[in-house]
1. Given the conditions (1) surrounded by fewer than 19 Cβ atoms within 10 Å (Cβ to Cβ); (2) touching a Ser or Thr at 6+ places or on another chain (Cβ under 8 Å); (3) not in a loop (DSSP other than H, G, I, E, B), and given that B:ARG67 satisfies all but one, which numbered condition is not satisfied?
2. Within segment A:59-116, take every residue that is in a loop (DSSP other than H, G, I, E, B) and of a type in the set (A, V, I, L, M) and give me the one that is farthest from B:THR87 (Cα to Cα).
3. Only one residue in A:THR48, A:THR8 is at pLDDT below 95 and either part of a helix (DSSP H, G or I) or within 13 Å of chain B (Cβ to nearest Cβ) (or both). Which one?
4. Determine whether B:ALA60 is among the aliphatic types (A, V, I, L, M) and free of Cβ contacts under 8 Å to residues at least 40 places away in the same chain.
5. Considering only segment B:62-85, state which residues are under 20 Å from A:PRO55 (Cβ atoms) and within 11 Å of chain A (Cβ to nearest Cβ).
6. Would you point out the residue of segment B:17-39, among those that are in a helix (DSSP H, G or I) and touching a residue at least 24 places away in the same chain (Cβ under 8 Å), that is farthest from B:MET71 (Cα to Cα)?
7. What's the total number of residues in segment B:70-89 that are free of Cβ contacts under 8 Å to residues at least 40 places away in the same chain, exposed (fewer than 13 other Cβ atoms within 10 Å of the Cβ) and either in contact with a helix residue (DSSP H, G or I) (Cβ under 8 Å, 6 or more places away or on another chain) or within 21 Å of B:ASN36 (Cα to Cα) (or both)?
8. Of all residues in segment A:68-98, which are in contact (Cβ under 8 Å) with a residue 24 or more places away in the chain, surrounded by fewer than 21 Cβ atoms within 10 Å (Cβ to Cβ) and more than 16 Å from A:CYS44 (Cβ to Cβ)?
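The values are calculated or read from the model by the stated rules, or taken from the named source; none is laboratory data. Being a predicted model, the structure only gives us computed values, none of them experimental. Cβ atoms come from the backbone with ideal geometry, glycine included; neighbour counts cover every protein chain shown.
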Amino acid sequence: MNRLTLLTGMLVTSIISLALGSPAHAAGGDYRRGLEKSQVCQSCHGRTGNESLQPSYPRLAGQHEDYLVHALESYRDGSRQNAVMAGFAGNLSDQDIADLAAWYSRQKGLQDLDVE
Amino acid sequence: MIALAPLGSSAQGDPERGKVVAYTCTGCHGIPFYKNIYPTYSVPKLGGQNQEYLISALKAYREGTRRHATMQAQAATLSDQDILDVTAYFVSIGENES
């Protein structure tokens with residue numbers, strides 16, 4: 001009976017830790033750190049990602065978090081080519097990218113298309 | 001001097017016609033949280049995006065300087081007028097709902 005209780009306890013513990021997830025996971029960006037790290041981004045995209053300096057720069061506010069991660073990774077590895085973004089993304093760690101994506105994706109802005 | 005564009009807006013194109021052109025786009029971009037695969041990520045939201053950015057993105061796909069198999073195939077079928085109209089439609093979505 002003791003052994004059964006122990007096994008049950010271990011099972012419950014592992015389910016809980018699975019559900020909570022690992023804090024280092026890329027999807028677990030910290031939006032507060034993202035805001036702190038976004039000073040350089042803000043000069044072109046604005047604080048919330050709605051205030052583009054040029055109309056040729058995209059709005060970022062409310063964009064899907066995982067798309068923002070993909071875009072920054074693509075600029076960093078060169079598979080998406082843009083001279084300005086290559087310079088900035090090249091200096092970002094995986095955690096920086098996760099944090100920045102967490103910040104901009106949480107702002108109110110972009111919308112889904114309506115399907116009628 | 002008769003018809004001046006609204007101040008601060010360089011929006012061009014016909015959003016009504018653009019909505020028709022955009023029908024194919026909604027197959028991926030109109031479904032919330034629709035995923036690209038290999039690699040997996042959500043297809044980007046387009047509603048309310050800046051028109052000049054969208055124009056440059058579509059032209060880059062059409063020219064092949066920005067790579068994505070599905071987007072390159074789609075953009076290859078678009079004329080300059082299609083691109084103006086469809087992006088005008090995407091911009092208009094943000095104006096309606098904010």
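1. (3)
2. Among residues in segment A:59-116 that are in a loop (DSSP other than H, G, I, E, B) and of a type in the set (A, V, I, L, M), the one farthest from B:THR87 (Cα to Cα) is A:LEU92.
3. On the way: A:THR48 fails: at pLDDT below 95.
Unique residue meeting the criteria: A:THR8.
4. yes
5. B:THR65, B:ARG66
6. B:ARG17
7. 3
8. Selection gives A:GLU73, A:ASP94, A:GLN95, A:ASP96.
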